[in-house]
Amino acid sequence: MSTVLVVEDDEPLRRALRTSLRARAFEVIERARGGDAVVLVADRRPDVVLLDLGLPDIDGIEALRRMRAFSDVPVVVLTARDRQADKIAALDAGADDYVTKPFDIEELLARVRAVLRRVPQAAATAAIIHVDDLDVDLARRQVRLDGEVVHLTKTELALLEELATHPGKLLTHEYLLRQVWGQGYGSESNYLRVYVAQLRRKLLDDAANPRLIVTEPGIGYRWIGSE
């Protein structure tokens, strides 16, 4: 029995999806908020996610990006947004399919079965990165050092996640700027210097003798932390 996570804040629609999925022998779990859904993907590891974009806490595309930091679970976006730009943004963020409302339930179920056949079983990547006394919880977006919460800004956390989820890889200035700040960036390496310095200070990482982040002069940064 495959498990479907339905992420939808419209309760009548969620109830209809639950009834239809259970009638086809799917196990169904539900969440109305994106942040809760990200944590559930980490904890329960569903086989497929049906994801609305208009959620009450965070946008569905942001929820999808957070899931993709640690999970390859197939995601079918289910939304009223029918603009081409929204579809492209969702697919670029990691969606496997995109269905607009109103929809035919039989077609939706066929698409769910299709992604389950097409996409390999979701990788069981750990949602928490451990490095000595450092824990980076990707699902809950929480960082602890020696058991104490480290308070990071949104940008610092995004930069840390990008580095920590690509261990050993050289990430160029341009790549990091575009991933963390947006596609309009690419040459503002001074931003990176400031934020990497702040991260090192908060994570007690000595630039002269690093255990987490190595500087590749003039090129970028590399995460060397390992369990």
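The values are calculated or read from the model by the stated rules, or taken from the named source; none is laboratory data. The structure displayed is predicted, hence computed values, not measured ones. Don't worry about glycine lacking a Cβ; one is built from the backbone with ideal geometry, like all the others, and counts go over all protein chains shown. For accessibility, only protein heavy atoms count, side chains too; no ligands or nucleic acids. Shrake-Rupley method; radii C 1.70, N 1.55, O 1.52, S 1.80 Å.
When segment 122-163 is filtered for residues that are among the hydrophobic types (A, V, I, L, M, F, W, C) and in a loop (DSSP other than H, G, I, E, B), the ones remaining, listed by number, are A122, A123, A124, A126, A127, L138, A139, V150, L152.
Within segment 32-80, the set of residues being within 22 Å of G182 (Cα to Cα) and either basic (K, R) or in contact with a Cys (Cβ under 7 Å, 6 or more places away or on another chain) (or both) comprises R65, R66, R68. The number of residues in segment 25-41 that are open to solvent by 50 Å² or more (accessible area, probe 1.4 Å) and more than 15 Å from the chain's Cα centre (by Cα) comes to 3. R178 passes every criterion in (1) basic (K, R); (2) in contact with a Gly (Cβ under 8 Å, 6 or more places away or on another chain); (3) exposed (fewer than 14 other Cβ atoms within 10 Å of the Cβ) apart from (3).
Of R44, R81, R22, R14, all but one fail to be surrounded by fewer than 15 Cβ atoms within 10 Å (Cβ to Cβ) and either over 16 Å from the mean Cα position of the chain (by Cα) or aliphatic (A, V, I, L, M) (or both); the exception is R22. Scan segment 192-227 for residues that are assigned to a loop (DSSP other than H, G, I, E, B), open to solvent by less than 40 Å² (accessible area, probe 1.4 Å) and closer than 15 Å to E162 by Cα and the total you get is 2. Within segment 1-52, the residues that satisfy the criterion of being part of a helix (DSSP H, G or I) and of a type in the set (S, T, Y) are T19, S20. Just one of (1) among the aliphatic types (A, V, I, L, M); (2) without any contact (Cβ under 8 Å) to a residue 12 or more places away in the chain; (3) open to solvent by less than 10 Å² (accessible area, probe 1.4 Å) fails for L109. It is (2).
Against the condition over 25 Å from D104 (Cβ atoms) and among the small types (G, A, S), how does A42 come out, does it pass? Spelling it out, A42 is indeed over 25 Å from D104 (Cβ atoms) and among the small types (G, A, S). Does H166 qualify as being outside any helix (DSSP H, G or I), within 16 Å of D205 (Cα to Cα) and not acidic (D, E)? No, not satisfied. Within segment 86-100, one or more residues are over 15 Å from T165 (Cβ atoms), out of contact with any strand residue (DSSP E or B) (no Cβ under 6 Å at 6 or more places or on another chain) and either small (G, A, S) or open to solvent by less than 10 Å² (accessible area, probe 1.4 Å) (or both). Annotation: of all residues in segment 47-78 being farther than 20 Å from H166 by Cα and not aliphatic (A, V, I, L, M), the one that is surrounded by the fewest Cβ atoms within 10 Å (Cβ to Cβ) is P56.
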